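J.: I have a structure I would like to understand better, so I am pasting it below and will then ask my questions one at a time.
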Amino acid sequence: MNAISSIELTLPREPFEAARAAASAWRGRCLDVFARSEAAVTETLLVLVGVDGRGNALKLPHLVGQRYDALSKAVGAGGVFADEGKIAVEALTKFREHDALRTQISHGVFTVTLDHKGQWHLVARVLALRTGRASRDLFVTQEAEAAAILNLLEKDGSRLRSVLGQVRHRFRET
């Protein structure tokens, strides 16, 4: 017989399904941290914009990154809320270090693979347009590294939300 036939190896689906579910859960937890932190930034801007005399100088931009920029400018050195907001400057700066991860998590097309030890690996590809040209970014992580990334993200997000809550509280008291 001269026919060419394919040889397919069928592996059990359960480990792959479990890996995909675990990677998706990790992604969901990351997205939750970003969403909660973005809400805290927006709530803080809304409180600050309502402060008589000084809040008028603030803008309430539509895009999230611009909201972070607006808040950083308002509470940073020389900002209209620099005195009351200085406690938030470091936490804002630290959390912004996760911006690239946010893009990958939010906009990346994910592929999950398994290694020979059953540990999952994640490949995320983002296709964006920058100055009218295609920009392709790649993010790769493994299960243990992803856990460390999530721990740091949760820590930085919690710190940011805490200090922004303190800033809002200062203005709600007056």
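The values are calculated or read from the model by the stated rules, or taken from the named source; none is laboratory data. Just so you know, these numbers come straight off a predicted model, no measurement behind them. Positions of Cβ are backbone-derived with ideal geometry, glycine not excepted, and every protein chain shown enters the neighbour counts.
J.: Check ILE87 against each of (1) among the hydrophobic types (A, V, I, L, M, F, W, C); (2) closer than 30 Å to ARG136 by Cα; (3) touching a residue at least 12 places away in the same chain (Cβ under 8 Å) and name the one condition it does not meet.
T.: ILE87 satisfies every listed condition except (2).
J.: Right, another one. If I go through region 120-132 residue by residue, how many of them are modelled with pLDDT under 95 and either closer than 17 Å to ALA25 by Cβ or among the charged types (D, E, K, R) (or both)?
T.: 1
J.: Do we have ILE105 as touching a Cys at 6+ places or on another chain (Cβ under 9 Å) and assigned to a helix (DSSP H, G or I) here?
T.: Criteria met by ILE105.
J.: Name the residue that is nearest to GLN166 (Cα to Cα), counting only residues in region 91-112 that are surrounded by 15 or more Cβ atoms within 10 Å (Cβ to Cβ) and free of Cβ contacts under 8 Å to residues at least 60 places away in the same chain.
T.: ARG96
J.: I'd like the residue in region 29-53 that is small (Gly, Ala, Ser) and more than 13 Å from the chain's Cα centre (by Cα) and, out of all such residues, is modelled with the lowest pLDDT.
T.: The selected residue is GLY53.
J.: Restricting attention to region 137-152, which residues are under 14 Å from the mean Cα position of the chain (by Cα) and farther than 17 Å from THR103 by Cα?
T.: Taking region 137-152 first, the residues under 14 Å from the mean Cα position of the chain (by Cα) are 139, 146, 149-152.
Selection gives ASN151 alone.
J.: I would also like to ask the following. From the set of residues in region 34-46 that are surrounded by fewer than 18 Cβ atoms within 10 Å (Cβ to Cβ) and of a type in the set (A, V, I, L, M), which is nearest to ALA82 (Cα to Cα)?
T.: For region 34-46, the residue satisfying everything is LEU46.
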